[in-house]
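K.L.:
The structure under discussion is supplied below as structure tokens; questions concerning it will follow.
The values are calculated or read from the model by the stated rules, or taken from the named source; none is laboratory data. No experiment lies behind these values; they were computed from the predicted model shown. Every residue, glycine as well, gets a Cβ built from its backbone with ideal geometry; the counts of neighbours run over all protein chains shown.
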Amino acid sequence: MSLEPDRRPAFPPARPAYEPEPAHAGAVPARRRTEPTAVGSLLTGLLGIVVPLVGVLAIVLGGIGLDRTRRRGTQGRGMAATGITLGSIQVVVTALVVVAGVWLWSTVGDDVERGLAQVNELAQTDYSVPDLLLAPLTDGVSLGEVAEWLGTAAQVQELGGLGEQCQAGDLAACQDVVDRLPADLVPEQLRQGLPAAG
């Protein structure tokens, strides 16, 4: 026996709980599976950009996906978080659009309704093509009124010619002028003082 102390440790060295397997050439490491609800959350979050309120579904699927990736150890945590973010943004934007629409309608809704009533009234009114063409030039005066004015102007011109003949001494022209004028414009003395044309 030797008197030298034993240099061996009293306890054997601790082994690591997990010893990696030696890598074999050509072996593919096992991949962790991606959580389908996380993928669904991302896809519905992207779809919600076009379709409003699908963001709510993205938020729900993202919450489920985050929980499952944590419990099961699957991949897709980033996809689930992105789906929740996109869904939240879409819900907020949709709410803002609805609030802005209600505010806008309450602000200008009466004007819009009044304008629609005017359009409906115009659609029911009969317009002729000449009325539509002359409307900008005549400030809303109809073609019938323009024709009446032109007729009156022609009558004034004709009456002017008859008046000149009456001043020249033609009694028939004088009687014609008196007959064409409205009765309330011709004094009764003048009407009775003219000899009958004949």
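K.L.:
Among the numbered conditions (1) buried (at least 16 other Cβ atoms within 10 Å of the Cβ); (2) within 20 Å of ARG32 (Cβ to Cβ), tell me where VAL60 comes up short.
P.N.:
With (1) buried (at least 16 other Cβ atoms within 10 Å of the Cβ); (2) within 20 Å of ARG32 (Cβ to Cβ) applied to VAL60, the lone miss is (2).
K.L.:
Of all residues in the range 43-56 being of a type in the set (A, V, I, L, M, F, W, C) and under 27 Å from the mean Cα position of the chain (by Cα), which is surrounded by the fewest Cβ atoms within 10 Å (Cβ to Cβ)?
P.N.:
Out of the qualifying residues, it is VAL50.
K.L.:
Does VAL97 qualify as being over 30 Å from ARG33 (Cβ atoms), of a type in the set (Val, Ile, Thr), modelled with pLDDT of 90 or more and assigned by TED's automatic domain parsing to the domain that holds PRO52? Break it down stepwise before answering.
P.N.:
Working: over 30 Å from ARG33 (Cβ atoms): yes; of a type in the set (Val, Ile, Thr): yes; modelled with pLDDT of 90 or more: yes; assigned by TED's automatic domain parsing to the domain that holds PRO52: yes.
Answer is yes for this residue.
K.L.:
Let me ask something else about it. Looking only at the range 52-106, which residues are touching a strand residue (DSSP E or B) at 6+ places or on another chain (Cβ under 6 Å) and among the aliphatic types (A, V, I, L, M)? Break it down stepwise before answering.
P.N.:
First pass over the range 52-106, keeping only residues touching a strand residue (DSSP E or B) at 6+ places or on another chain (Cβ under 6 Å): 75-76.
Passing the criteria: none in range.
K.L.:
Here is a list of conditions, (1) out of contact with any helix residue (DSSP H, G or I) (no Cβ under 9 Å at 6 or more places or on another chain); (2) at pLDDT 85 or above; (3) over 30 Å from ASP67 (Cα atoms), and TRP105 meets all of them except one; can you say which number that is?
P.N.:
(1)
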